Amino acid sequence: MDEVIQVTQWLSSITPRKKAKLFFFTTHADAPSPMVGSNDVDTHEETQLPLATTVALHNFKNIDGFLKKKVNTFSCYNVIENEITKTDYEYLRFYSACKYLDVVPPFLDLEKISAIQNKFEMTDEERDYRLLLDSADLVLEKVCDSLKPAGVSQMWTALRKDRNLIRGVKTIDIIGFFVDPNPTGIKECLFFFIVRFLQKADKINRVNTNRLERVIAQCDESSSCEEGKTIDFLIDSLRFYPTELYPFGFCLIMCVIEGRDGAMQEIEKTLEISRHLGMITHTEKNPTKETIELVKKELMKPKYQFYSSFTCWFMSHGDSNSMVLADGETIEREWFLTSFPDISTFQLKPEVFFMVSCRGANKFSLKGDEFEGQSATCDYYDIGSALIRNRMLDITDSVRDISYVQPMMDTLVAYSTILDHLSGRANTHGSIYVDRACVLMSENISRGRSLTEILGHLSQDLHEILQETMDEDRIVYKQACHYDSFFRKTLKLPYTRHPKEDVHSAPQ
């Protein structure tokens, strides 16, 4: 069959709502750069004009034209072996969006997708189409689905009131002041236009959504929200880090085994909980400084831009300032923690570090006969669950900026013990902290808990456990953990255990 006819038939089979969403996902706002084939030319015409004209004319002609152009570009595209291009990135995004919306063109060349994934050096796990979807866009899609046409119309009215923001923007004038968002798909086009406009104006991004929240807050709840939804619900959904689909993120486990009883148990537990949470995981046993540098270099590869979060477990001996590596060398804990947040692939995404090591030799010891022989470091220790504005400062938009971000922002560092103190271990099971952290995270899946809530519970749980030193003195003591957070949003654990699905995006 002629390709033009195939494309026409494919477009005619897609509903207007899905066309709007496919356009939105395909014109992803945070495409990685620099890349081969990319430039600094403003993509305003490509990303906003089709949405504006569709809303104004109630006609999907320009969006259809955009999608046809994409399909034709991919059809003629020759995959270059040695360099990742802008088209490679767009091809993967387009396919994942089609797969998510269940509108994959029957004529799309899946072998090209497989070849592109090879260029990104993707493993079998990473060829799951869900990795390629942008989780921030999925959150915005859900907000859109929770709004009635009247709600999006009210958002548009609120946006139009900000004259400084919209002054001189031609696409705003194309849509006009009064909009009828009721025809099928127009609500979605208008909402996605508002979102992309605010992104292009550098007012919102995947972390900074305050400006969008303020627009939504001006809507009338009774007429703007779908049944069962509220304005507070919509705003709250924007205040969580976007980690919507599998995988929940990338997890790096680094564990020194030499001289650490129970270290293999630590690896097994952290592997189990990370997979339980739906993370793609990599383990480094007995890391050295060279290993760490190689891992950092690996994490700079383009494929890691598709992940929505980063978690690192580092387990070793240590003192107040440093950690002992497998070869006996030490590294400064501060150096380790500040070097990873600089990796560009995880910018504006939550990064969590579990630092499991002693930070000194002090102990909060307990004295008295009633404590003798009671500690969690004995072999009978049960490892637990089988579940793994009045008078207030007026801060105007003119003094706000979201372009420049301190490297440590969106990072959380969880320490197994406080400064200058021991981090306890069980004789055969390894770190007590690792065990309790994995148990509590496992138990709180499907309960809607945030990571910081669980860490608070972990602090309480760990401090109740009596531990005993393994030297001749057999001192009974307690351990206190804590964390430092630079989070700007809340990181929730998944509501469901993410299964591995046979959803590879191309034949292997």
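The values are calculated or read from the model by the stated rules, or taken from the named source; none is laboratory data. Worth saying up front: this structure is predicted, and the values here are computed from it rather than measured. Every residue, glycine among them, receives a Cβ derived from its backbone with ideal geometry; neighbour counts consider all protein chains shown. Quick note on the areas: whole protein, heavy atoms, side chains included, nothing else; ligands and nucleic acids left out. Shrake-Rupley method; radii C 1.70, N 1.55, O 1.52, S 1.80 Å.
Solvent-accessible area of the range 137-239 (1.4 angstrom probe, protein heavy atoms only): carbon and sulfur portion equals 46 percent. Under the convention that each Lys and Arg Cβ holds +1 and each Asp and Glu Cβ holds -1, the size of the dipole of the chain around its Cα centre is about 2260 debye.
For Ser308, the accessible surface of its heavy atoms amounts to roughly 10 Å² (probe 1.4 Å, protein chains only, rounded to the nearest 10). Projected over all directions and averaged, the alpha-carbon convex hull of the range 137-239 occupies 6.1 nm².
What fraction of the DSSP beta bridges in the chain is antiparallel, stated in percent and rounded to the nearest 5?
Details: 17 of 44 bridges.
Here the antiparallel bridges make up roughly 40 percent for the chain.
For Pro181, what is the net charge nearby, where nearby means another residue's Cβ is under 10 Å from its Cβ and Lys, Arg count +1, Asp, Glu -1? Combined, the nearby Lys, Arg, Asp and Glu give 0.
Please give the net charge around Thr291, taking every other residue with its beta carbon less than 14 angstrom from that of Thr291, where Lys and Arg add +1 and Asp and Glu add -1. So the surrounding residues net to -3. What pairs in Lys99/Lys349; Lys142/Lys297; Lys69/Lys297 have C-alpha atoms more than 29 Å from each other? Over 29 Å Cα-Cα: Lys142/Lys297; Lys69/Lys297.
Site pair Asp327 and Arg160 shows an inter-label distance of 6.7 nm when each label is modelled 7 Å from Cα along Cα→Cβ.
Near the amide H of Phe353, within less than 5 Å, lie the amide hydrogens of Cys312, Leu412, Val413, Ala414, all on another chain or at least 5 residues away, with H placed in the peptide plane.
Of all aspartates and glutamates in the structure, the ones whose alpha carbon falls short of 14 Å from that of Lys478, not counting any fewer than 8 places away in one chain, are Glu372, Asp420, Asp461, Glu464, Glu468. Protection proxy ranking, highest mean first, for peptides 141-153, 470-482, 72-84: 141-153, 470-482, 72-84, where packing is the per-residue count of other beta-carbon atoms within 10 Å, averaged.
Give the peptides 320-331, 421-432 in descending order of average Cβ contacts within 10 Å, highest first.
On the way: 320-331: 16.8, 421-432: 22.7.
So the order, starting with the most tightly packed, is 421-432, 320-331.
For Lys285, the lysines whose Cα falls under 16 Å of its own Cα, not counting residues fewer than eight places away in the same chain, are Lys269, Lys296.
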